[in-house]
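The values are calculated or read from the model by the stated rules, or taken from the named source; none is laboratory data. Here the structure is a predicted model, which is why all the values come from computation and not from measurement. Backbone-built Cβ (ideal geometry, glycine too); neighbour counts: all protein chains shown.
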Amino acid sequence: MLREVALIVGLSLVAGVGYSWLNRARADQPEVGKSAPAFRLQDQNGEWHALEDFKGKWVALYFYPKADTPGCTKEACEFRDNLFAFEELGATVLGISIDAIKDQKKFAEKYSLPFPLLADIDGKVAETYGVLNNLGIMKLARRQSFLIGPDGMIMKHYDKVDPKTHSKEVLADLKALSAKKGG
């Protein structure tokens, strides 16, 4: 009985801390209509990418928790399968997780992912975008995305992502927004 009470109290404390941390993280997220935070990270091949490299292009920037896990695989493969549609609209797809470069490389090769998977090893970029889950012994990025316009402004923030349909959702918004902005 005492163990059960201790477990319930412990879980309640963890949930409370997690909830307050989650609310703080959301408050720290960049706002739609504001400049997207700059970053410079290496991809699965060790090549460097900075947000400024994509000036004049749309960027679908998606954060995912862990390479080669079921939800992350589904989401990445959906972006892969719709990549030509993104490219037709002048958009680049970039995935970011806290995984090491070698893990990103294995993931990209295993599923033939033709876009950059960026390794945010220390979690600084995820933190800047307000999507870092710091669980003490482990850090993970929350599954969230940002659609960044050619001018470097955040045009859309997706804080609730369904890995099975997310790339289609981003693509539909990209079509609507690019038509509104004239390309």
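From the set of residues in region 126-158 that are charged (D, E, K, R) and modelled with pLDDT of 95 or more, which is surrounded by the most Cβ atoms within 10 Å (Cβ to Cβ)?
143
Search region 44-99 for residues being small (Gly, Ala, Ser) and part of a helix (DSSP H, G or I), and hand back the single one that is farthest from residue 164 (Cα to Cα).
Among them, the one singled out is 85.
Name the single residue, out of those in region 82-128 being among the aromatic types (Phe, Trp, Tyr) and out of contact with any strand residue (DSSP E or B) (no Cβ under 7 Å at 6 or more places or on another chain), that is farthest from residue 178 (Cα to Cα).
Kept after step one, since they are among the aromatic types (Phe, Trp, Tyr), are these residues of region 82-128: 84, 86, 107, 111, 115.
Then drop every residue that is not out of contact with any strand residue (DSSP E or B) (no Cβ under 7 Å at 6 or more places or on another chain), which leaves 84, 111.
Values: 84: 16, 111: 29 Å.
Looking at the filtered set, the residue picked out is 111.
Give me the pairs, please: first residue somewhere in region 74-101 and without any contact (Cβ under 8 Å) to a residue 24 or more places away in the chain, second residue anywhere and buried (at least 22 other Cβ atoms within 10 Å of the Cβ) and outside any helix (DSSP H, G or I), beta-carbon distance under 7 Å, and either six or more positions apart or on two chains.
Sorted first by the residue in region 74-101, then by its partner, the pairs are 100/119.
I'm told residue 32 meets every condition in (1) part of a loop (DSSP other than H, G, I, E, B); (2) closer than 22 Å to residue 134 by Cα; (3) of a type in the set (A, V, I, L, M, F, W, C); (4) touching a residue at least 24 places away in the same chain (Cβ under 8 Å) except one. Can you identify the failing condition by its number?
(2)
Name the one entry in 115, 107 that is closer than 15 Å to residue 60 by Cα and among the aromatic types (Phe, Trp, Tyr). Even if it seems obvious, please write down each step before you answer.
Values: 107 fails: closer than 15 Å to residue 60 by Cα.
Step by step, each of 115, 107 is checked, and only 115 is closer than 15 Å to residue 60 by Cα and among the aromatic types (Phe, Trp, Tyr).
Quick grid of which residues meet (1) more than 21 Å from residue 97 (Cα to Cα); (2) within 11 Å of the chain's Cα centre (by Cα):
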| site | (1), (2) |
| --- | --- |
| 132 | no, yes |
| 137 | no, no |
| 141 | no, yes |
| 144 | no, yes |
| 151 | yes, no |
| 161 | no, yes |
| 165 | no, no |
| 169 | no, no |
| 176 | yes, no |
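Modelled with pLDDT of 95 or more, small (Gly, Ala, Ser) and more than 23 Å from residue 159 (Cβ to Cβ): which single residue out of 50, 60, 67 fits that description?
Among 50, 60, 67, only 50 is modelled with pLDDT of 95 or more, small (Gly, Ala, Ser) and more than 23 Å from residue 159 (Cβ to Cβ).
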